[in-house]
């Protein structure tokens, strides 16, 4: 059983999409192992997105992720990382496959409603940042 991290971003929580997104996880046979609601501190947002530091969108991304409530979810499933990435869809909602989370709920590339870990290494790192108690 593999673990991955899904974050429901502030633009999705503001639009009351938490339940719809969780239902999609459950309908696709993901087990929700851990879940919490929180607001990102500046320090956490900078650590979480450290790989993008120095890129043109970095400051806006950090600011956006601090702008409201986030739902952090650790999911479990065989091949969870790849399966979650398929369910989430491409970063750009306009290019995402129909039926994916970003296709249904994303507003733009930067307001795409969710984050999902992209590799086993990222999943371990990101889960530890969001759920340090695990």
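Bear in mind these aren't lab numbers, they're just calculated from the coordinates by the rules spelled out. Values in this document were obtained by computation on a predicted structure and should not be read as measured data. Every residue, glycine among them, receives a Cβ derived from its backbone with ideal geometry; neighbour counts consider all protein chains shown.
Using the 10 angstrom Cβ neighbour count as an exposure proxy, how do 34, 115 rank, fewest first?
By the 10 Å Cβ count, ascending, the order reads 34, 115.
How big is D, in µm² s⁻¹, for the chain by Stokes-Einstein at 37 °C and 0.692 mPa s if Rh is the Kirkwood radius over C-alpha pairs?
Using the Kirkwood radius from Cα pairs, D works out to 223 µm²/s.
To make sure I understand, if each residue's beta carbon is the centre and we count other beta carbons within 10 Å, what order do 109, 62 fall in, fewest to most?
Sorted ascending by nearby Cβ count, the order is 109, 62.
Before anything else, pin down the relative contact order of the chain: Cα pairs under 8 Å, at least 6 apart, normalised by residue count, whole percent. All intermediate terms of the calculation are to be shown ahead of the outcome.
On the way: 224 pairs, mean separation 48.4, N = 134.
The normalised contact order for the chain reaches 36 percent.
Need one number: nm distance between label points at residue 66 and residue 18, each 7 Å from Cα along Cα→Cβ, rounded to one decimal.
2.3
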